[in-house]
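Working notes, beginning with the structure itself.
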Amino acid sequence: MNTEAHEKCLQWIEKKFKQYGCEVELQKADLKGWDGTMLHSTNIIARYNPGATTRILLCAHWDSRPWADNDPDSLNHHKPILAANDAASGVAVMLELARLLHNASSAHNASSSTQNPSLGSQNASLGIDFVCFDAEDYGVPSWSDVQDDGSSFALGAQYWASHVPHGYAPRYGILLDMVGGAGAQFYREGMSLQYAPAIVKKVWRAARQAGYGSFFPNEDGGMITDDHIPVNQTAKIPCIDIIPYYPTCQQSSFGPTWHTLADNMQNIDKNVLKAVGQTMVQVIFSEK
């Protein structure tokens, strides 16, 4: 955050969502980080089929960690990470979903008299809100003496959740976090089970139906403080977190590249990305 690269990335994501037929809103806010730094934050809100009253929320964070504070080499602890998995992977899946929806809508409209955007022939009254949260990963680093209760993370989501327009009530939300890492499996996250158990069941069933059940085992993982917490607690939108769990990884239960310089494209697995993306396609196109 607070870099030229951050602003260029913002412009690129905005351009791609618009290219795929979404109405885009940039929600800007200056948010104070744990160390007093004023973070120039922008949540990117892209609406597919904005006129539809029945809506689903899909979200991910798009900012990158300024410090590789979990890197095995302590000399790297103050260096920024590339963030290919945490968080580019979630945004990538959402952009691909937007592209697929746009293509399906265009194909449907070409063979139909209606000019209303739709999910192909599935549900013309369904809209999707893609929200890219900023300022998620500026939380207290492990090398700091500052005590953290978790509130230093997910600042963009906290802001978004406290500024939801009156009457905005999507059916549910799905948060995509670190959905491209090699060897990733997505266990049922504990806070998701607490706040939105029916949505967990819906998504894990969709994964099996799409043929990706091995990536979504019917087992419970940890309880995570992530962007879905303010969405549930403040915005009162039932939202789950699709996030990896590595039960035998010594470096981190989030996987060996979490908050390290190894979070790069070499450690992204296109098969994991596809498993999550196809599961989301199954969820969306099965919505009645």
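The values are calculated or read from the model by the stated rules, or taken from the named source; none is laboratory data. Since the model is a prediction, treat every value here as computed from it, not as a measurement. Cβ atoms come from the backbone with ideal geometry, glycine included; neighbour counts cover every protein chain shown. Keep in mind that these areas ignore ligands, DNA and RNA; they rest on the heavy atoms of the full protein, side chains included. Shrake-Rupley method; radii C 1.70, N 1.55, O 1.52, S 1.80 Å.
So that you can scan it fast, the table gives a plain yes or no per residue for (1) crowded, with 20+ Cβ neighbours inside 10 Å; (2) more than 22 Å from Pro80 (Cα to Cα):
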site: Tyr212; (1), (2): yes, yes
site: Tyr245; (1), (2): yes, yes
site: Asn267; (1), (2): no, no
site: Ser286; (1), (2): no, yes
β-branched (Val, Ile, Thr), closer than 29 Å to Pro72 by Cβ and either open to solvent by less than 10 Å² (accessible area, probe 1.4 Å) or over 18 Å from the mean Cα position of the chain (by Cα) (or both) - does that describe any residue in region 225-239?
-> no
Could you tell me which numbered condition Arg171 fails, if it satisfies all but one of (1) within 27 Å of Ser64 (Cα to Cα); (2) open to solvent by 40 Å² or more (accessible area, probe 1.4 Å)?
-> (1)
In region 169-196, how many are in contact with a strand residue (DSSP E or B) (Cβ under 9 Å, 6 or more places away or on another chain) and in a helix (DSSP H, G or I)?
-> 5
Qualifying position, being at pLDDT below 95 and over 17 Å from Ser144 (Cα atoms), among Ala83, Ala104, Ala92 | Ala104
Quick check: anything in region 148-159 over 14 Å from the mean Cα position of the chain (by Cα) and under 25 Å from Val281 (Cβ atoms)?
-> no
From Leu273, Leu261, which residue is of a type in the set (A, V, I, L, M, F, W, C), modelled with pLDDT of 95 or more and assigned to a loop (DSSP other than H, G, I, E, B)?
-> Leu261
Subset of region 154-168 [surrounded by fewer than 21 Cβ atoms within 10 Å (Cβ to Cβ) and in a loop (DSSP other than H, G, I, E, B)] = His163, Val164, Pro165, His166, Gly167, Tyr168
